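> The structure under discussion is supplied below as structure tokens; questions concerning it will follow.
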Amino acid sequence: MPVPIEEIAEEMYKMVVECEGKRNLKASDLTKAMIAKYGEENCSKEDCKKALRQLMDSGRTVYSYFGGSYVTLPKKEGAAPD
Amino acid sequence: MAVAEKIDTPLLDELEKGPWPSFVTEIKKARQTSPMCDDLLGQLELSYREKIGHWKHGGIVGVLGYGGGVIGRYSDVPEKFPRVAHFHTMRINQPAGWFYTSDALRTLCDIWERHGSGLTNMHGSTGDIIFLGTRTEELEPCFQELTANGFDLGGSGSSMRTPSACVGPARCEWACYDTLKLCYDLTMTYQDELHRPPFPYKFKIKCAGCPNDCVASIARADLSIIGTWKDDIQQDDDAVAAYAAEGVNIQKDVVDRCPTRCMEWDGAKLTINNRECVRCMHCINVMPKALRPGKERGATILIGAKAPIVQGALLSSVLIPFVPEEELEETVKELINRVWEFWDEHGMNRERIGELIQRVGMANFLDAIGLEPVPEMVSAPRDNPYIFFRTDEEQA
């Protein structure tokens, strides 16, 4: 049975929170983790893409750039002057 | 109008000498309307003096929902140069073939003067319109104005970068397919991959209408689509004779420079062995009124070029030697999907597709994306003499 997009988004968000400060996650890391968790028949790459978009459009997560693009929690830019 | 504060820049002033255009001169002109430019010159002078860059790059800067199009940049000496404490770059998706109306250019410049330094780079190496220097709080309003005027951000980070195309059939008679249409179609099809970085690293697509490759796709693009033809070069013997009569040394300047020596000139008639022609375009470029690309036109699709960043530079390798123009869009999209699938599965962080192919081997890559090896994929005969043919096993 297909997993609702909201549920995938929530699981992705939890993963981003857990990895915060320990490991930078790429969009593909989240996608692969969700497919491994729910199985390809219940959670497709397209579903993961929609879930990620939901997270980004809501502002709960943001893209960051540290040599490559990663999914992170929004925060004040460390390099930004106070 | 802001009154520019004078900052001494003796080292930068050296870059205004000589007959060449100078970015220093242009920034100085922009001081009259943009106070940021003074601090920009000051920081640059400091960098030249100390031989140290003073920009911090990257981090979290963007517009809501997008992961590309904004390149974060901060000064590491904001106390000295507060007006460039933030100096973010915005990449704007250029129109295919870089065709603008004057109104469009004026609109872009007006938007940027309202929200940024007013300094632009037309265009970046991927092809985008580059807006240089703005503050974080100006990003969203600038983006809103751009979209309201029909523009959108381009790619950056680990996304599909803004596809680019040469002027193609709009202005060039050598175009073997409609580069502008293909570039636009690919841009619209892959909006998600352009704005929301899904890949191990960047992926560039460039559409060149003929082997002259005016967008340098063979050296820069992860996927190059280069126009070519399958039949014979169209030849006008009278026009060839006219070139000779006008003083073109056809033997020296055309025949002797043919990389495959596929032509002969007997002083009156040029004979081309088209089976040996590698479509280098040299003869056509020298005698454009006499020679033209053939009539059966399409494109060669190549993969894997990149400029040196993490690793060294790579040139593209042929994937599909010839695709007729009418099948091009469908073929390119099918190929892109297969290539991305493989890259997504096996690519390491910050590994371009060309590097991945080098790591796993072209044979494995072709097998994975379902393409048969063909002789046209070989760029040069192997020069390693240590090849052992196992004739016994083959015969068995």
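> Checking A:Gly21 against (1) open to solvent by 20 Å² or more (accessible area, probe 1.4 Å); (2) more than 9 Å from chain B (Cβ to nearest Cβ); (3) touching a residue at least 40 places away in the same chain (Cβ under 8 Å), only one condition comes out false. Which one?
With (1) open to solvent by 20 Å² or more (accessible area, probe 1.4 Å); (2) more than 9 Å from chain B (Cβ to nearest Cβ); (3) touching a residue at least 40 places away in the same chain (Cβ under 8 Å) applied to A:Gly21, the lone miss is (3).
Yes/no per residue for (1) among the small types (Gly, Ala, Ser); (2) open to solvent by less than 40 Å² (accessible area, probe 1.4 Å):
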position: B:Ile205; (1), (2): no, yes
position: B:Ile226; (1), (2): no, yes
position: B:Asp238; (1), (2): no, no
position: B:Glu264; (1), (2): no, no
position: B:Gly267; (1), (2): yes, no
position: B:Cys277; (1), (2): no, yes
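> Same structure, new question: Here are A:Ala51, A:Ala9: which of them is out of contact with any Ser or Thr (no Cβ under 8 Å at 6 or more places or on another chain), among the hydrophobic types (A, V, I, L, M, F, W, C), away from chain B (no Cβ under 13 Å) and within 27 Å of B:Arg161 (Cα to Cα)?
Of A:Ala51, A:Ala9, the one residue that is out of contact with any Ser or Thr (no Cβ under 8 Å at 6 or more places or on another chain), among the hydrophobic types (A, V, I, L, M, F, W, C), away from chain B (no Cβ under 13 Å) and within 27 Å of B:Arg161 (Cα to Cα) is A:Ala9.
> Here's a follow-up. In segment B:162-192, which residue that is within 14 Å of another protein chain (Cβ to nearest Cβ) and assigned to a helix (DSSP H, G or I) is nearest to the chain's Cα centre (by Cα)?
Applying the first criterion (within 14 Å of another protein chain (Cβ to nearest Cβ)) to segment B:162-192 yields B:190-192.
Filter once more, keeping what is assigned to a helix (DSSP H, G or I): B:191-192.
Details: B:Gln191: 18, B:Asp192: 20 Å.
Of everything passing the filter in segment B:162-192, B:Gln191 is nearest to the chain's Cα centre (by Cα).
> Tally the residues that are open to solvent by less than 20 Å² (accessible area, probe 1.4 Å) and touching a helix residue (DSSP H, G or I) at 6+ places or on another chain (Cβ under 6 Å), restricting the search to segment B:167-181. Spell out how you get there, then give the answer.
As a first pass, look at segment B:167-181 and keep what is open to solvent by less than 20 Å² (accessible area, probe 1.4 Å): B:168, B:175-177, B:179.
Of the ones still in play, those that are also touching a helix residue (DSSP H, G or I) at 6+ places or on another chain (Cβ under 6 Å) are B:168, B:175, B:177, B:179.
Going through segment B:167-181 one residue at a time, the tally reaches 4.
> For segment B:251-349, list the strands (runs of 3 or more DSSP E) that sit wholly inside it and hold at least 3 residues that are touching a residue at least 24 places away in the same chain (Cβ under 8 Å) and in contact with a Ser or Thr (Cβ under 7 Å, 6 or more places away or on another chain); which are they?
Details: elements: B:263-265, B:270-272, B:297-303, B:317-324.
Qualifying strands (runs of 3 or more DSSP E): B:297-303, B:317-324.
> In this structure, does B:Glu345 turn out to be within 25 Å of B:Gly157 (Cβ to Cβ), open to solvent by 90 Å² or more (accessible area, probe 1.4 Å), within 14 Å of chain A (Cβ to nearest Cβ) and charged (D, E, K, R)? It would help to see each step written out before you state the result.
On the way: within 25 Å of B:Gly157 (Cβ to Cβ): yes; open to solvent by 90 Å² or more (accessible area, probe 1.4 Å): yes; within 14 Å of chain A (Cβ to nearest Cβ): yes; charged (D, E, K, R): yes.
Yes; evaluated as a whole, the condition is true for this residue.
> Given the structure, is B:Thr147 assigned to a helix (DSSP H, G or I), of a type outside the set (Phe, Trp, Tyr) and free of Cβ contacts under 8 Å to residues at least 40 places away in the same chain?
When the stated conditions are applied, B:Thr147 passes them.
> For segment A:57-70, give me each residue that is within 13 Å of B:Leu64 (Cα to Cα) and either more than 7 Å from chain B (Cβ to nearest Cβ) or modelled with pLDDT of 95 or more (or both).
If the condition is that a residue be within 13 Å of B:Leu64 (Cα to Cα) and either more than 7 Å from chain B (Cβ to nearest Cβ) or modelled with pLDDT of 95 or more (or both), then A:Ser58, A:Arg60, A:Thr61 are the ones that fit.
> Looking at segment B:208-225, which of its residues are touching a residue at least 60 places away in the same chain (Cβ under 8 Å) and either touching a His at 6+ places or on another chain (Cβ under 6 Å) or of a type outside the set (D, E, K, R) (or both)?
B:Cys210, B:Pro211, B:Asn212, B:Val215, B:Ser217, B:Ile218, B:Ala219, B:Ala221, B:Leu223, B:Ser224, B:Ile225
> So, in segment B:57-71, of the ones that are in contact with a Lys or Arg (Cβ under 9 Å, 6 or more places away or on another chain) and in contact (Cβ under 8 Å) with a residue 24 or more places away in the chain, which residue ends up nearest to A:Ala27 (Cα to Cα)?
For segment B:57-71, the residue satisfying everything is B:Gly67.
> Hey, another quick one. Report the residue count in segment B:67-78 for those that are open to solvent by 10 Å² or more (accessible area, probe 1.4 Å) and over 12 Å from B:Leu139 (Cα atoms). Working first, answer last.
Keep residues of segment B:67-78 that are open to solvent by 10 Å² or more (accessible area, probe 1.4 Å), which gives B:67, B:70-71, B:73, B:76-78.
So of that shortlist, the ones also over 12 Å from B:Leu139 (Cα atoms) come out as B:67, B:73, B:76-78.
Within segment B:67-78, residues that are open to solvent by 10 Å² or more (accessible area, probe 1.4 Å) and over 12 Å from B:Leu139 (Cα atoms) number 5.
> Would you mind telling me which numbered condition in (1) surrounded by fewer than 23 Cβ atoms within 10 Å (Cβ to Cβ); (2) within 30 Å of A:Val62 (Cα to Cα) B:Met287 fails?
(2)
> From the residues in segment B:79-119 that are among the β-branched types (Val, Ile, Thr) and more than 18 Å from the chain's Cα centre (by Cα), which one is surrounded by the fewest Cβ atoms within 10 Å (Cβ to Cβ)? Walk me through how you get there before you give the answer.
Just the residues of segment B:79-119 that are among the β-branched types (Val, Ile, Thr), to begin with: B:84, B:89, B:92, B:101, B:107, B:111.
Within this subset, residues satisfying the condition of being more than 18 Å from the chain's Cα centre (by Cα) are B:84, B:89, B:101, B:107, B:111.
On the way: B:Val84: 27, B:Thr89: 22, B:Thr101: 9, B:Thr107: 18, B:Ile111: 21.
Checking each candidate, the answer is B:Thr101.
> Also, I was wondering about something else. Identify the residue in segment B:33-56 that is touching a residue at least 24 places away in the same chain (Cβ under 8 Å) and among the small types (Gly, Ala, Ser) and, among all such residues, is nearest to the other protein chains (Cβ to nearest Cβ).
B:Gly42
> Then there is this: Please pick out the residue among B:Thr134, B:Thr147 that is over 17 Å from the mean Cα position of the chain (by Cα), open to solvent by less than 60 Å² (accessible area, probe 1.4 Å) and within 14 Å of another protein chain (Cβ to nearest Cβ).
On the way: B:Thr147 fails: within 14 Å of another protein chain (Cβ to nearest Cβ).
Checking each option against the conditions leaves just B:Thr134.
The values are calculated or read from the model by the stated rules, or taken from the named source; none is laboratory data. These numbers come from a predicted model, not from an experiment. Positions of Cβ are generated from backbone atoms using ideal geometry, with glycine treated the same way; all protein chains shown enter the neighbour counts. When the accessible area is computed, the model is the full protein with side chains, heavy atoms only, and any ligands, DNA or RNA have been set aside. Shrake-Rupley method; radii C 1.70, N 1.55, O 1.52, S 1.80 Å.
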